[in-house]
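Inspection log for the structure reproduced underneath, given as structure tokens.
The values are calculated or read from the model by the stated rules, or taken from the named source; none is laboratory data. It should be emphasised that the depicted structure is a prediction, and the values quoted were computed from it without experimental measurement. Cβ coordinates were reconstructed from backbone atoms using ideal geometry, including for glycine residues, and neighbour counts include every protein chain displayed. The protein model used for the area step is the full one, side chains on, heavy atoms only, and it has no ligands, DNA or RNA in it. Shrake-Rupley method; radii C 1.70, N 1.55, O 1.52, S 1.80 Å.
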Amino acid sequence: TAAHCVAGVLVARLIPSGFLPEMDEGAFVLDYFLPAGTSLADTEQAAMKIEAILGKTAGIDTWSRRTGAELGPVTATVMSRGDVAVRLAPRGKRKDAEDVIADVREKVQAELPGVRIEFVQILEDVLNDLSGAPRPIEVKLFGPDEKVLRELAGSLARNLEDVPKLVDYYAGVEGQVPLRKFTVDTEAAVRLGLSASDVADDLSTALQGQVVGSIPRLDRLVPVRVRFPDAVRFASKSVGAFPVSVNGLTVPVSRLAPFTDVSGASVLYRENLSPVVPAAADIEGGDLGSAVRSVSSRLAKLTLPVGYRAEIGGRAESQGRAFRDLAQVLGIGVLAVFAVLVAQFRSVSAAFLVLLTVPLALSGGVLSLFVCRVPLNVSSVMGLVLLVGLVVKNGILLVQKAQELVAAGVSPADALVAAARRRLRPILMTTLCTVFGLLPLAFALGSGSELQRPLAVAVVGGLLLSTIGTLVALPLLGTRFVSATRAAA
């Protein structure tokens, strides 16, 4: 018994870990991102090349593409990004979805090195969004100065270059975009009887336009925006000649608001009102636990200035939080079961005797996960928690019968052996019924069964080993039961 428990603890350190079970849904989404400021024509050209790659990749059936929109509810996005929803061929006619994704990733990176891509399966994307962790690993850099954060993001990217299994890395920093900055000369505006807001309003109307009404079109109203034509707005020579109305006269805007051409970040991220750089990456061919350990070791080598900090988020953070919560649930479950057993047998020693099957069940579940190469994730840990309530029923059947035999005058040691013989059939029947009911899930038969497979494998392995422990180990521990039975008597 002790050897099995020690083996379970040692093997638990070797099992790959993750957050949610991986599935082959038969479809995935390819998100593509071009540098900030890319024109719609260039984005369309890159998207056409991606479609050509999809058409040459074996295992892909159909796809649909969108540019300037995101999968899900319609939102306002820039024209330099989009997504492609890809449907795969039936399972028997293709490789695994992850292998197909790996092929597409390699081809796109080779042909379009300037395009950043991300891959996610559709249901997986929904579950990740619900959990608040869209990507497996996120390293968040916090600090007051955005320029320093950009420099730290570059250092972080160099430190993570050699981390194995990391793909689709995003540094968390978008490219710079050209900006034309107008600075209102307040004194010049006041001399002409204008305020700074008056000049800003005129500039906004000239460059961005102003809605002045609407016209009906089919079943909706289309707003009408008035602004300067593109030939005037985007002409570098005439930009300072925008007319501003002053008491019936017009003066060029350059007299009131001189401008300079600068560059700035196209996207600024905030978290809890603090500037943040959310670097993120996916994992290919590895597990989340080992990747997090590798990233943490590299992150410890990153020197951060005073006032700056780094945090690991994404699914890694959700995984740690979920494991801690489930560990608490496991502890509470053991205490609750122990209280019920003490009330049932009126003996603390007898309750401890029944609980000895729980470590056997947990080690059996861990060993079965290791043998079946199933990661330790939320589903499998839930199976281990479920074992606490399932395995004690066999011990209750055996100990209760042994108590009856002791009351009839049989010695406690002989009573345990006799109880094991008499309760053999009901214990095996209940255990085998549960095992056979879970086998379809354990073998991942049917669509979507990968989500429940870790739970089924953990429960089946734990039940089988705990049943052997109930029928063999408990009778061998009759000396402890002697005191328990006598105390109860």
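Values computed for the structure shown
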| quantity | calculated |
| --- | --- |
| Helices (runs of 4 or more DSSP H) fully within segment 181-253 counting 1 or more residues that are open to solvent by 90 Å² or more (accessible area, probe 1.4 Å), touching a helix residue (DSSP H, G or I) at 6+ places or on another chain (Cβ under 6 Å) and touching a residue at least 40 places away in the same chain (Cβ under 8 Å) | none |
| Qualifying position, being under 24 Å from residue 467 (Cα atoms), touching a helix residue (DSSP H, G or I) at 6+ places or on another chain (Cβ under 9 Å) and modelled with pLDDT under 85, among 334, 358 | 358 |
| Residues of segment 403-444 classified as hydrophobic (A, V, I, L, M, F, W, C), farther than 30 Å from residue 383 by Cβ, free of Cβ contacts under 8 Å to residues at least 12 places away in the same chain and open to solvent by less than 70 Å² (accessible area, probe 1.4 Å), total | 1 |
| Qualifying residue in segment 471-479 (condition: modelled with pLDDT of 75 or more, open to solvent by less than 30 Å² (accessible area, probe 1.4 Å), farther than 27 Å from residue 319 by Cβ and assigned to a helix (DSSP H, G or I)) | no |
| From the options 261, 282, residue that is in contact (Cβ under 8 Å) with a residue 40 or more places away in the chain, closer than 30 Å to residue 81 by Cα, out of contact with any Leu (no Cβ under 6 Å at 6 or more places or on another chain) and exposed (fewer than 11 other Cβ atoms within 10 Å of the Cβ) | 261 |
| Qualifying residue in segment 170-178 (condition: within 19 Å of residue 278 (Cα to Cα), within 21 Å of the chain's Cα centre (by Cα) and assigned to a strand (DSSP E or B)) | yes |
| Hey, residue 371 touching a helix residue (DSSP H, G or I) at 6+ places or on another chain (Cβ under 6 Å) and at pLDDT 80 or above or not | no |
| Hits in segment 305-323 (condition: open to solvent by 30 Å² or more (accessible area, probe 1.4 Å), touching a helix residue (DSSP H, G or I) at 6+ places or on another chain (Cβ under 7 Å) and within 29 Å of residue 390 (Cβ to Cβ)) | 315, 323 |
| Sole exception among (1) free of Cβ contacts under 8 Å to residues at least 24 places away in the same chain; (2) part of a helix (DSSP H, G or I); (3) closer than 30 Å to residue 47 by Cβ; (4) open to solvent by 30 Å² or more (accessible area, probe 1.4 Å) for residue 154, by number | (4) |
| Matching entry among 330, 326, 341 (being open to solvent by less than 80 Å² (accessible area, probe 1.4 Å), in a helix (DSSP H, G or I), more than 30 Å from residue 19 (Cβ to Cβ) and not basic (Lys, Arg)) | 341 |
| Tally of residues being polar (S, T, N, Q) and either in contact with a Phe, Trp or Tyr (Cβ under 9 Å, 6 or more places away or on another chain) or not in a helix (DSSP H, G or I) (or both) across segment 432-449 | 2 |
| Hey, residue 302 outside any helix (DSSP H, G or I), touching a residue at least 24 places away in the same chain (Cβ under 8 Å), surrounded by 13 or more Cβ atoms within 10 Å (Cβ to Cβ) and of a type in the set (A, V, I, L, M, F, W, C) or not | yes |
| Test: residue in segment 265-279 that is out of contact with any strand residue (DSSP E or B) (no Cβ under 9 Å at 6 or more places or on another chain), in contact (Cβ under 8 Å) with a residue 40 or more places away in the chain and open to solvent by 40 Å² or more (accessible area, probe 1.4 Å) | yes |
